[in-house]
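Accompanying notes for the structure given below.
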Amino acid sequence: MATRFIPRTHFPYDRVINWFPGHMAKGLRLISERLNSVDLVVEVRDARIPLSSVNPSFEKVVGRRPRLIVYNKFDLADQSTSKPITEAFAKHAPTTPVVFTSCQTDDNIKTILDHASKLADPIPQVTLMVVGMPNVGKSSLINSLRRVGVGKGKAAATGAQPGITRTVIGTVKVLEDPTVYLVDTPGVMVPHIADPVRSLKVALTGGIRDHLSDEQVMVDYLLYRLNGFNDYEYAKWFKLPNNEPTNNVDELLQGVARRIGAIVKGGELDLNMAAKFFLKHYRTGKLGQHTLDDVSPEALESFFESQKMYNASTGVSRRQEKKIAKIEQRKNSRRVSKAEE
Ligand SMILES: Nc1nc2c(ncn2[C@@H]2O[C@H](COP(=O)(O)OP(=O)(O)OP(=O)(O)O)[C@@H](O)[C@H]2O)c(=O)[nH]1
């Protein structure tokens, strides 16, 4: 019975899933070019992986610009995580507001508009730029902001697979008074994720195209984590033998395949289809609200320490900043004249 069940304590995994198509490098360049006309950068992260969905490339590009961090898809995450994260930000990044949102329910969307409105004095209109890793919900956030701010419908295309927004689109008005505009940008992945499990978490939450990672491995990792959370609802949902949990991904997938009738010619169970179904089930919140990163005070402390080290190693003085800006300007004008040739 479930009381005797002992979950696995380790998940050996050493394959790094990397995905950095050309449009992302270009996106990063476009973000940097548009920055001068932006008053606030809204960096969207996935609340289910609050640390793994941080892209250091944004630190480099966005630098010391005013930033607001949005932990989106909070409806899918462990609700108790907002407190330690907010406290850690208050301690380590007190000038950076943090908001936990859901674009499904428009939860806390108004808080973002309130932050933007505050910037409208003394500037007449405010421009926000939304950045973030693929699939964290940037386009959904723009649509939510527009819905809540100006009562209008969809302005940006959204999708269950990452990489829907491929270029920086024009500005979208999200508030009338004061006037707040918003710029959407393509999702930009970390060019190289060194930690294999981190890349697996990003893939599992939809940040990397599914065909690039092994769906059955993602399910296995998810199973390992669900068991670790002592959340055995899946065993009932998919009517596993005696409704008992398992550490064996094949057993799980066979149960799922039987339950959804995923059977191929000859009567064999289609474990691939079962894996796809199980992932979708998780991603739409049917397997509970779980946060996959450790957000204990100690883990957050060491995260912010590593960020500090990162910022120190890429941190530049104002003199250097001006120099870099000049070089960038020169590069841009060369690019423009080349394009005109
Ligand atoms: N449950 C839940 N789903 C969300 C939320 N926000 C977005 N989604 C879903 O997540 C998926 C990705 O959303 P998008 O808005 O297309 O994400 P994006 O960041 O613009 O994606 P890219 O184009 O890859 O950069 C879609 O299936 C959305 O419906 C949220 O707050 N909660």
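The values are calculated or read from the model by the stated rules, or taken from the named source; none is laboratory data. Small disclaimer: the values here were computed from a predicted structure and weren't measured. Every residue, glycine as well, gets a Cβ built from its backbone with ideal geometry; the counts of neighbours run over all protein chains shown.
Structural remarks
- Among the residues examined, Val61 qualifies as at pLDDT below 95 and either in contact with a strand residue (DSSP E or B) (Cβ under 9 Å, 6 or more places away or on another chain) or crowded, with 21+ Cβ neighbours inside 10 Å (or both).
- One residue from Pro134, Pro122 being in a loop (DSSP other than H, G, I, E, B), of a type outside the set (S, T, N, Q) and either within 16 Å of the ligand (Cβ to nearest atom) or within 15 Å of the chain's Cα centre (by Cα) (or both): Pro134
- Residue in region 206-225 that is in a helix (DSSP H, G or I), among the aromatic types (Phe, Trp, Tyr) and surrounded by 15 or more Cβ atoms within 10 Å (Cβ to Cβ) present: yes
- Subset of region 64-91 [of a type outside the set (A, V, I, L, M), modelled with pLDDT of 95 or more, touching a helix residue (DSSP H, G or I) at 6+ places or on another chain (Cβ under 7 Å) and away from the ligand (no atom under 16 Å from the Cβ)]: Pro84
Conditions (1) under 29 Å from Asn18 (Cβ atoms); (2) out of contact with any strand residue (DSSP E or B) (no Cβ under 6 Å at 6 or more places or on another chain); (3) touching a residue at least 40 places away in the same chain (Cβ under 8 Å); (4) assigned by TED's automatic domain parsing to the domain that holds Arg8, marked per residue:
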{"residue": "His211", "(1), (2), (3), (4)": "yes, yes, no, yes"}
{"residue": "Glu215", "(1), (2), (3), (4)": "yes, yes, yes, yes"}
{"residue": "Met218", "(1), (2), (3), (4)": "yes, yes, yes, yes"}
{"residue": "Leu222", "(1), (2), (3), (4)": "yes, yes, yes, yes"}
{"residue": "Tyr234", "(1), (2), (3), (4)": "no, yes, yes, yes"}
{"residue": "Trp237", "(1), (2), (3), (4)": "no, yes, yes, yes"}
{"residue": "Val249", "(1), (2), (3), (4)": "yes, yes, no, yes"}
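- Residues located in region 92-119, provided they are assigned to a helix (DSSP H, G or I) and within 13 Å of the ligand (Cβ to nearest atom): Ile109, Ile112
- Test: Phe278 is among the aromatic types (Phe, Trp, Tyr), over 29 Å from Val16 (Cβ atoms), surrounded by 20 or more Cβ atoms within 10 Å (Cβ to Cβ) and out of contact with any Asp or Glu (no Cβ under 7 Å at 6 or more places or on another chain): no
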